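The values are calculated or read from the model by the stated rules, or taken from the named source; none is laboratory data. In this text, all values refer to a predicted model and were calculated from it rather than measured experimentally. Cβ atoms come from the backbone with ideal geometry, glycine included; neighbour counts cover every protein chain shown. Side chains are part of the model used for accessible areas, which takes the heavy atoms of the whole protein and leaves out ligands, DNA and RNA. Shrake-Rupley method; radii C 1.70, N 1.55, O 1.52, S 1.80 Å.
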Amino acid sequence: MVIVGGGFTGLWTAWYLKQLAPHQDIRVLEAEHFGHGASGRNGGWVIGNIAGLERHLEGLDIGTRQDLCRLLGDNVDDLGSALAAAGIDADFHKGGALNVAARYPAQEAIQRRYLAHLHELGFSEQHCQWLSADELTDMARFHRPFGAAFQHQVATLHPRKLINGLVRKLAAAGVHLHEQSRVISTAERIVSTHEGSIEARTVVIATEGYSEQLANIRRHVIPVESLVIATEPLSDATWDAVGLASRPTFADASRLINYGHRTRDGRLVFGARGNYRLGARSRHSASISDSDIAMRQRLLVDLFPALEDVEVSHGWGGSLGLSRSFRPHAVLASEQGLATAGGYAGEGVAASHLMGRTLAEMILGEDSLRTRAPWAVQGKSLEEVVRRWEPEPLRWLAAQTILTSYAAEEALMREERHLPLISPGLGWLNNAFASVIE
Ligand SMILES: Cc1cc2nc3c(=O)[nH]c(=O)nc-3n(C[C@H](O)[C@H](O)[C@H](O)COP(=O)(O)OP(=O)(O)OC[C@H]3O[C@@H](n4cnc5c(N)ncnc54)[C@H](O)[C@@H]3O)c2cc1C
């Protein structure tokens, strides 16, 4: 078995293959170093959901939808249990998620709609509930609290610690791990690198937002940037002013998609939307500009004025993968000897665990609720499951228009005016960015 890509998807696939079939020969080929892609540089949210879930659940009866929502919620606990059992300390902490209305009044209706949407999909009251402004303030001291939709099945972790832990344990279990091994093509079960070729019964492609060099994936999953900052460790007095004592994550109902959490070492990690680059180029460099940092810091201070004078010690960015069907997939095309998963649209930390496990089960012919889920497809090619993206420069032009109109829309919403600024003709891309942004 050869796995291309050493992020969470590739490493979890190797993990579950090894657990289910200990004698299996497994090789992971990573072009740079393990965690070079989004897995080594994300915001660390472990979400008991997947982006675009409603598209997967369309037409299913309520019982099936509830089973699938439970499966997604349980995936967070399963990930935590896998780490505990393996003795990997990746700062895993389950504090839930506050989807807050905390900048302007119109956000309350947005978050209430979001909660109703989760319940309609099949998430129970135990999974998500409404918090009043006072209940929200008990958990976090936002400047202008209007209320929040609280989701219980959300945790956080330290992405780099997870990568390091998985690599260490996989190496000890006998998985062959290769860094600086760029795959240049995968065809007819032959994986080619500059150094030579290997034949494999199944080739797993796990390159998500870094698929630019693999012809069979790159037109189906494109990279979109996301940028994150982290503060210096904050004083106890600052934390008293901010709250977040139980370390829930928080996100505000905004097109700017801002989200954050308090880390184990007392920092505040905070991310907000990035951009789409012409030609679907992935972001390899982690460093971000001073203006990118300043924009995120402004948003953060808008939520928590107590952070006005706090130093931002780190800022970084990377690319997440967005599929043209706006929902993640785990595909096994046995006839081609190919398996792949991705398209997590910025919600890939938990999803890559679920999809990696699902790929391993499908490859080994196991049957489970996971392999029967609508996002798990066997016997079809990726081409049949996920459409190709529109060609450039159409994609880039539409992305710029939409991102500009989001900023204007945000300004109008703050003034409690709402205009549909996005041309209906661009609905396909609006869907795409909304799925990353909301
Ligand atoms: C800044 C940022 C913040 C994010 N925050 C969150 C969050 O808080 N919560 C959440 O759920 N998700 C988040 N995400 C998304 C999440 O990190 C990703 O969805 C997930 O890590 C994808 O994992 P992956 O293993 O599929 O892909 P990646 O981690 O991107 O790994 C792909 C790997 O493939 C390698 N590769 C590419 N081409 C080749 C080749 N030809 N040969 C060999 N190797 C190759 C790359 O070098 C890379 O290491 C965030 C993403 C970013 C960028």
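Within the stretch 269-317, the set of residues being buried (at least 20 other Cβ atoms within 10 Å of the Cβ) and in contact with a Pro (Cβ under 9 Å, 6 or more places away or on another chain) comprises Tyr276, Ala280, Ser282, Arg283.
The conditions of being modelled with pLDDT of 95 or more, part of a strand (DSSP E or B) and either open to solvent by less than 40 Å² (accessible area, probe 1.4 Å) or not polar (S, T, N, Q) (or both) are not met by Val76.
Keeping to the stretch 141-154, report how many residues are among the hydrophobic types (A, V, I, L, M, F, W, C) and under 24 Å from the mean Cα position of the chain (by Cα). Explain how you work it out, then say what you get.
Taking the stretch 141-154 as the starting set, the residues that turn out to be among the hydrophobic types (A, V, I, L, M, F, W, C) are 142, 146, 148-150, 154.
Among the residues that remain, those that are also under 24 Å from the mean Cα position of the chain (by Cα) are: 148-150, 154.
Here the count works out to 4.
For the stretch 48-65, a residue qualifies if it is open to solvent by 10 Å² or more (accessible area, probe 1.4 Å), under 14 Å from Arg372 (Cα atoms) and assigned to a helix (DSSP H, G or I), and the qualifying residues are His56, Thr64, Arg65. Working only within the stretch 358-370, note down all residues that are crowded, with 18+ Cβ neighbours inside 10 Å and either within 22 Å of Asp61 (Cα to Cα) or among the charged types (D, E, K, R) (or both). Answer for the stretch 358-370, where residues must be crowded, with 18+ Cβ neighbours inside 10 Å and either within 22 Å of Asp61 (Cα to Cα) or among the charged types (D, E, K, R) (or both): Glu361, Arg370.
For Met355, indicate whether it is open to solvent by less than 40 Å² (accessible area, probe 1.4 Å) and without any contact (Cβ under 8 Å) to a residue 40 or more places away in the chain.
Numbers: open to solvent by less than 40 Å² (accessible area, probe 1.4 Å): yes; without any contact (Cβ under 8 Å) to a residue 40 or more places away in the chain: no.
So Met355 does not fit the description; no.
Report whether or not Gly63 is at pLDDT 95 or above and within 16 Å of the ligand (Cβ to nearest atom). Quick ask: steps written out before the conclusion?
Details: at pLDDT 95 or above: yes; within 16 Å of the ligand (Cβ to nearest atom): no.
Considered against the rule, which asks whether it is at pLDDT 95 or above and within 16 Å of the ligand (Cβ to nearest atom), Gly63 comes out as no.
The strands (runs of 3 or more DSSP E) found wholly in the stretch 110-171 and carrying at least 1 residues that are free of Cβ contacts under 8 Å to residues at least 60 places away in the same chain and out of contact with any Asp or Glu (no Cβ under 9 Å at 6 or more places or on another chain) occupy 128-131, 147-151. Looking only at residues that are among the polar types (S, T, N, Q) and within 15 Å of the ligand (Cβ to nearest atom) in the stretch 214-240, which one is surrounded by the fewest Cβ atoms within 10 Å (Cβ to Cβ)? Top of the filtered list is Asn216. Kindly indicate whether Thr202 is open to solvent by less than 50 Å² (accessible area, probe 1.4 Å), away from the ligand (no atom under 14 Å from the Cβ) and within 25 Å of the chain's Cα centre (by Cα). No.
Among the residues making up the stretch 13-48, those that are of a type in the set (S, T, N, Q) and within 6 Å of the ligand (Cβ to nearest atom) are Ser39, Asn42. Looking only at the stretch 245-268, count every residue that is aliphatic (A, V, I, L, M), within 16 Å of the ligand (Cβ to nearest atom), over 30 Å from Gln213 (Cβ atoms) and crowded, with 20+ Cβ neighbours inside 10 Å and tell me the total. Final tally of qualifying residues: 2. Inside the stretch 25-79, residues that are under 30 Å from Ser181 (Cα atoms) and not aromatic (Phe, Trp, Tyr) make up a count of 21.
The sole residue among Glu225, Glu232, Glu212 that is among the charged types (D, E, K, R) and either at positive phi or more than 22 Å from the chain's Cα centre (by Cα) (or both) is Glu232.
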